[in-house]
Amino acid sequence: MINDANAKRPLVAFAGHPWVEPEWMNRQQILSRLGKRGRRVAYSFGALDWWQRASSRWSSSPLFNQAEHRDGIVDILPGRLGARWRTFKAFDELALGRHARYIRSQVARPDEKIIAMLFDPQFVPYIRHLEPCDVVYHAYDDFSGQPGWTDEKASLQRQLLERADMVSASSEAIARSLNFPHVRVLQNGADVEAFLGATNQPEPADLTDIPHPRIGYVGTLNRKVDFPMIAQIAGERPDWHWVLVGRIERQELENDPELSEAFHACRTKTNVHLLGQKHRSEIPAYVGNMDINTMCYRHGGTGWWNAVSPLKLHEYFSSGQPVISAPVPAVMTFSELLEVAESPQDWIDHLTQLLKEPDSRTAARVNVALKNSWNNRVDVYEKWLEEMQLTAIGTTG
């Protein structure tokens, strides 16, 4: 095993969103822990693009690239002067190279071999500017099933799979969607310590006026959420209060006529409460002050939501509170610890039962969450990186 921190190769990671966000996704959970364990880690969401000139992201960006140390990693803020210009290939290539060399220089010597970790195939063009490097790809979503997937993006993903020295995915379903023979599965975990004792936390101010029973959902409000089911049950049971905490992807919902209609129906109901996105430090108090927490997803068909590995699963378990979920494949492994609802009537039946009688599985849920913490997930991922490094040394030695 390679336990010496100095032997851990520097890691440069690319994903499609800024590091600083109200909620943390798996990339922040994984990379911050790798950084705090002695690995030099830099993170980038890529160079700016000239087409962004009218956006708030452009106006809030620095003139030159900046590197800020936070959460155990080096966070790269792209500068406006280093923006890409995709129409002019030679200029664009210069911008790619400049950005790649800058982020690399923050954690590694010019001749030092690094690990390039991509969370999205769109960053494949940076790889050639990061050499010498091993390449790892962590697929956190079924990109091929999402709106906007094009032949160009499919080509980039094929290139990434062919170049990668290691490929992992957040769920078995995502792994299968890659149609690649050697994919390791690293399901999402939980920051368990943050959610233990969540039921003892004070009520957030915007919850205090919402009556019980409260049926909670924490997460992005987008096409994966079963708004038709919520609207139907909210209409049939006006004394049950649905509390939805998360960012609303309005454009995505508007592009789906059925969901858009159901979402607007939810907004008109006095027992459906949209509380907006919260900082990750606030989330445990919301989870702990619900009567039941849910993963109220759509299911069936070929939608990308069938492949998700819910970040909230083990967060909910950590709180000990009762949980109901749609039959998402990644959740079914834990079906003994939660209720699974396929139809609106299933939801009504399970909600009625859980609100009527105490749930005896609190301790069991917490114990499972402890085994599925992000710390344990990163233990596994570090071993995979070490195995990859040892294999590379053996091949070249």
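Of all residues in region 59-88, those satisfying the criterion of being closer than 23 Å to Met25 by Cβ and either free of Cβ contacts under 8 Å to residues at least 24 places away in the same chain or in a strand (DSSP E or B) (or both) are Ser60, Ser61, Gln66, Ala67, Glu68, His69, Arg70, Ile73, Val74, Asp75, Ile76, Leu77.
Among the residues of region 374-391, those that are within 22 Å of the chain's Cα centre (by Cα) and of a type in the set (S, T, N, Q) comprise Asn375, Asn376. Looking for something among the small types (Gly, Ala, Ser) and modelled with pLDDT of 95 or more - is there at least one such residue anywhere in region 68-79? Yes, the conditions are met somewhere in region 68-79.
The condition of being at positive phi and modelled with pLDDT of 95 or more holds for Gly246.
With respect to being in contact (Cβ under 8 Å) with a residue 40 or more places away in the chain and in a loop (DSSP other than H, G, I, E, B), Thr294 falls outside the description. Of all residues in region 297-330, those that are buried (at least 21 other Cβ atoms within 10 Å of the Cβ), assigned to a helix (DSSP H, G or I) and at pLDDT below 95 total 4.
One line per residue, one yes/no per condition, for (1) in contact (Cβ under 8 Å) with a residue 24 or more places away in the chain; (2) among the polar types (S, T, N, Q); (3) not assigned by TED's automatic domain parsing to the domain that holds Ser44:
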site: Asp92; (1), (2), (3): no, no, no
site: Ala100; (1), (2), (3): yes, no, no
site: Gln106; (1), (2), (3): yes, yes, no
site: Ile115; (1), (2), (3): yes, no, no
site: Val124; (1), (2), (3): yes, no, no
site: Val136; (1), (2), (3): yes, no, no
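For Ile248, the conditions (1) of a type in the set (A, V, I, L, M); (2) surrounded by fewer than 20 Cβ atoms within 10 Å (Cβ to Cβ); (3) not assigned by TED's automatic domain parsing to the domain that holds Ala326 all hold with the exception of (3).
The values are calculated or read from the model by the stated rules, or taken from the named source; none is laboratory data. Model, not experiment: these values are computed from the prediction. Cβ: placed from backbone, ideal geometry, glycine included. Neighbour counts: every protein chain shown.
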